[in-house]
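Comments concern the structure below.
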Amino acid sequence: MSKASKASSKISPMTASLLLRVSMALIVGILAACSTGPRIPPSASHEGPETRFPTGEVVDTAPLGPASYRPKSRWLPVRWAELPGFQADALHEAWNAWLRSCERPPAALAALCNDVRRLSIASEAERSYWLQQHLQPYRIESLDGKSQGMLTSYYEPEMVGSRVRTEAFNIPLYKLPAGFGVKKPWYTRQQIDTLPEAQAALAGREIAWLSDPIEALVLHIQGSGRLRITEADGSVRLIRLAYAGTNDQPYKSVGRWLLDRNLITDASWPGISAWIASNPQRVQEMLWSNPRYVFFKEEPLEGIDVQFGPKGAQGVPLTPGRSIAVDRGSIPYGTPVWMYSKGMEVEYKRLVVAQDTGSAIVGAVRADYFMGWGKEAGDLAGRIKQPLRLWALWPKGLPVPQ
């Protein structure tokens, strides 16, 4: 320190200060190098690839191959320019659904999941460029070449229930019955309500009680729901009633039953509800027209799960506005899909992910769109029945799954 003091007396204070800072930086650098060892170049690092992705215009001129076939659909490769509204979609909204699919990805798409996770914090331009670089769009058609199908929608109802039966809450929601699976198909809806042996098998299997049989029917049709339940001690909490199984009886639409009897002309849920309000004496007859009965399982609903829907057939939670149910013979679970549908109610041009199925979702170009939960989602979902076109997005260089 005494030598440094003498030397500094021959130079200006500013220069001295600069030299001191440089010297300290060199000392710190040497000590750091000694303590941490040699630096690894970024290209050789084990910390993973860079998180930034390229942007810009993608040249889409590679030769298109022939059509490929699945059991219920034909996949025809097309240019990205064919996808209506692709450049305008809020792709970040779809990324939540894709991240969920990466929890249980199909084998062919699993290799993309590292990029999908990193792209969750990327820009829309980066996501768009990456999609076009890595995925090939295929127009989904029926085996006889038809590219237009039908879109419907479903949702998760929100209801109020009781853990114990009361005078007001007397409509049961059941777990799977004792010995389920031994007898198939199981009792019909009417038999469950009337036969002593069916009721004996369900004794003690009640999860909760509702006050309205129509709410119970809605829950059976949708397959799951959110229930604000009053416990036996008077406390209230939110739970989910998730699909556990059915009685294996055929599903019959109550809307079709009403139409066939010329009781209504509007088979949307608002139209059905209006008929119910005017004909309470025939409600039980209408309910029994659908022999299928759904059983449930209780799941907690808290934390991040509140922001997602129930688990679909893929085994991952559904994302409102970005998950669809499909015919698995046409599109495999976990496949990203471009959807275009324009009807009287809404127009959709967006990226969605195939994550669910349903007994009524049959055909090549057929999808059921998960709207979300609650009354607003239910009102809109009940009115959706409109034309649909679909494009599967599949990894370039990989064959279409058979």
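Just a few scattered comments:
- Per residue, the chain reaches -8000 deg cm²/dmol at 222 nm when only DSSP H runs of four or more residues are counted, each adding -39500 (n - 2.57).
- Candidates per trypsin sites (Lys or Arg not before Pro) in segment 153-194, loop by DSSP, up to 15 other Cβ within 10 Å: ARG165, LYS183
- If you wrap segment 292-402 in the convex hull of its Cα atoms and look at it from every side, the mean projected area works out to 8.5 nm².
- Equivalent ellipsoid dimensions for segment 161-261 as semi-axes, Å, which come from the Cα gyration tensor, largest first: 24, 18, 13
- If you take the alpha carbon atoms of segment 308-362 and fit the smallest convex hull around them, that volume is 91 Å³ per residue.
- Within segment 178-253: Cβ-based charge dipole about Cα centre, in debye rounded to nearest 20 (Lys, Arg +1; Asp, Glu -1): 300 debye
- Assigned charges on the beta-carbon of Lys, Arg, Asp, Glu; the chain dipole about Cα centre (debye): 1140 debye
- Think of the chain as having a plus end and a minus end, set by charges on the Cβ of Lys, Arg, Asp and Glu; of CYS102, THR246, PRO54, PRO54 sits farthest toward the positive end of this dipole.
- Rounded to 5, percent antiparallel among DSSP beta bridges of the chain: 75 percent
- Kirkwood Rh in Å, taken over all unlike Cα pairs in segment 274-339: 15.7 Å
- Span-like helix check, the chain: qualifying full DSSP H segments, with Cα axial length of 24 Å or more and mean Kyte-Doolittle of 0.5 or more, are 13-36.
- Using the Stokes-Einstein relation with a Kirkwood hydrodynamic radius computed over Cα pairs, the translational diffusion coefficient of segment 47-164 at 25 °C and a viscosity of 0.890 mPa s comes to 141 µm²/s.
- Between SER147, ALA200, ILE214, the Cα set farthest toward the positive side of the dipole of segment 122-225 (charges on each charged residue's Cβ, about the Cα centre) is that of ALA200.
- Over the chain, accessible surface divided per residue gives 52 Å², non-protein components excluded, 1.4 Å probe.
- Percent carbon-and-sulfur accessible area, the chain, ignoring ligands, DNA and RNA, probe 1.4 Å: 55 percent
- Pairs beyond 20 Å (Cα-Cα), from LYS184/LYS252; LYS297/LYS385; LYS311/LYS342: LYS297/LYS385; LYS311/LYS342
- Along principal axes, Cα extents of the chain, largest first, whole Å: 107, 63, 41
The values are calculated or read from the model by the stated rules, or taken from the named source; none is laboratory data. As the structure is a computational prediction, the values presented were derived from the model and not from experiment. Heads up, the Cβs are rebuilt from the backbone with ideal geometry, glycines too, and the neighbour counts pull from every protein chain shown. Areas reflect the complete protein model, heavy atoms only, side chains present, ligands, DNA and RNA absent. Shrake-Rupley method; radii C 1.70, N 1.55, O 1.52, S 1.80 Å.
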